[in-house]
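Asks: Got a structure here, written out as structure tokens. Questions coming.
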Amino acid sequence: MRPVTRRQADHHSARSAATRAQVMSAFERMLDSGEAFSEISVQRILEEAGVSRATFYAHFQSKSDILVRLSDDLRESLLALARQWDPAGGEDGVDRLTRFFEEVIKIHRAHQGVIIAVREAAAYDSAVGDFYTADLESFEETSLRTLLSDQAAGSTPADVDAVSASRIIVWGGAQAIAHHIRVDDGSGDAVFARELARIWWYGAHRRPAGA
């Protein structure tokens, strides 16, 4: 048997990546069209993506696996935004947080089908549920580090319970954003982002001591 060359291996890797992207893109199109995650069968995904069943299972364990990978890409985009936000900067924190939430909402709207599917599947699919929980826990940890850093610098009062505050603003904020996107056509995004920013900033980061 002839050994596999580096060029052959690279070609195979590129084809595999292209196939995964093809399936993921097809699945996201179906979700964006309004189809419920629970009602989409693997066979429908095969037809939409134009791949065989053997090819599908060579790259994915199930349709939940596709959803997790789509969510992973989305999470990295959101976490990249979260890491960029620096409350210690010279600019007003509410303005910076407002722009941050405007970007978060924009990303959520662009991938609304995936987010709705994750929320739906998390209730009954442990693989998706574990991922969804880990996703928000990552944001909670980022928020907690920021609050603790603010407290160490003396800009956030010591009487703020950073653990509880992080849990409330992250998990509560996620629910609020999801509901807002469902009931608003986008015209209220800027106002919503600023109000959420004010709640985060003055409710936790710059809450008056003893309030």
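The values are calculated or read from the model by the stated rules, or taken from the named source; none is laboratory data. Bear in mind the structure is a predicted one, so any value in this text is a computation, not a measurement. Glycine gets a Cβ as well: all are built from the backbone with ideal geometry, and neighbour counts include every protein chain shown. Accessible surface is based on the protein model in full, side chains and every heavy atom, while ligands, DNA and RNA are left aside. Shrake-Rupley method; radii C 1.70, N 1.55, O 1.52, S 1.80 Å.
Asks: Would you mind computing, in nm to one decimal, how far apart the modelled labels at TRP171 and ARG53 are, each placed 7 Å from Cα along Cα→Cβ?
Replies: Inter-label distance under the simple model: 4.1 nm.
Asks: Taking loop as defined by DSSP and a crowding limit of 11 other beta carbons within 10 Å, which GluC sites (Glu not before Pro) in segment 91-121 fit? It would help to have the intermediate numbers written out before the result.
Replies: On the way: sites: GLU91, GLU102, GLU103, GLU120; in loops: GLU91.
Those satisfying the criteria are GLU91.
Asks: Can you list the DSSP H helices in the chain whose Cα atoms extend at least 24 Å along the helix axis and whose mean Kyte-Doolittle hydropathy is -0.5 or higher?
Replies: Details: long enough: 6-32 (38 Å, -0.89); 63-84 (32 Å, -0.10); 93-110 (26 Å, -0.20); 126-153 (40 Å, -0.14); 162-183 (31 Å, 0.79).
Helix filter hits for the chain: 63-84, 93-110, 126-153, 162-183.
Asks: First compute the accessible area of the chain with a 1.4 Å probe, then give the percent of it belonging to carbon and sulfur atoms.
Replies: Numbers: 6160 of 11590 Å².
Exposed carbon and sulfur together represent 53 percent of the surface.
Asks: Just for the Cα atoms in the chain, what are the lengths along the principal axes, largest first, rounded to whole Å?
Replies: In descending order, the Cα extents are 72, 43, 29 Å.
Asks: Separate question: Counting helices only, and only those DSSP H runs with n ≥ 4, report the 222 nm mean residue ellipticity of the chain as the sum of -39,500 (n - 2.57) divided by its residues, in deg cm²/dmol to the nearest 500.
Replies: -24500 deg cm²/dmol
Asks: Restricting things to alpha carbons, tell me how big segment 125-211 is in terms of Rg and Dmax, in Å.
Replies: Cα radius of gyration and Dmax of segment 125-211 are 14.7, 43 Å respectively.
Asks: Along the charge dipole of the chain, which of GLN22, PHE101, ALA152 sits closest to the positive end, that is, farthest toward it, with unit charges on the beta carbon of Lys, Arg, Asp and Glu (+1, +1, -1, -1)?
Replies: GLN22
Asks: Please compute the length gained on full extension between ASP92 and SER149, using 0.36 nm multiplied by the number of residues separating them and subtracting their Cα-Cα distance.
Replies: Details: separation 57, 0.36 × 57 = 20.52 nm, distance 1.71 nm.
18.8 nm is the gain from fully extending ASP92 to SER149.
Asks: Something else about it: With every protein chain left in place, what is the accessible area of VAL163 in Å² (1.4 Å probe, nearest 10)?
Replies: Number for this one is 70 Å².
Asks: Taking only protein heavy atoms into account and a 1.4 Å probe, give the accessible area per residue of segment 95-171 in Å². Present the calculation step by step, with values, prior to reporting the outcome.
Replies: Details: 3680 Å² over 77 residues.
Here the per-residue accessible area is 48 Å².
Asks: If you place +1 on the Cβ of every Lys and Arg and -1 on the Cβ of every Asp and Glu, how big does the dipole about the Cα centre of the chain come out, in debye to the nearest 20?
Replies: Numbers: 24 positive and 31 negative charges, 154 e Å.
Dipole about the Cα centre, nearest 20: 740 debye.
Asks: Still on this structure, please answer the following. What figure, in Å² to the nearest 10, do you get for the accessible area of THR142 with a 1.4 Å probe and non-protein molecules left out?
Replies: 20
Asks: Continuing with the same structure: Go through PHE131, LEU46, VAL163 and say which Cα lies farthest out towards the positive end of the charge dipole of the chain; charges sit on Cβ, +1 for Lys and Arg, -1 for Asp and Glu.
Replies: LEU46
Asks: Could you grab the relative contact order for the chain? Cα pairs under 8 Å, six or more apart, rounded to a whole percent. Intermediate results must be reported in sequence, preceding the final value.
Replies: Working: 161 pairs, mean separation 47.8, N = 211.
23 percent.
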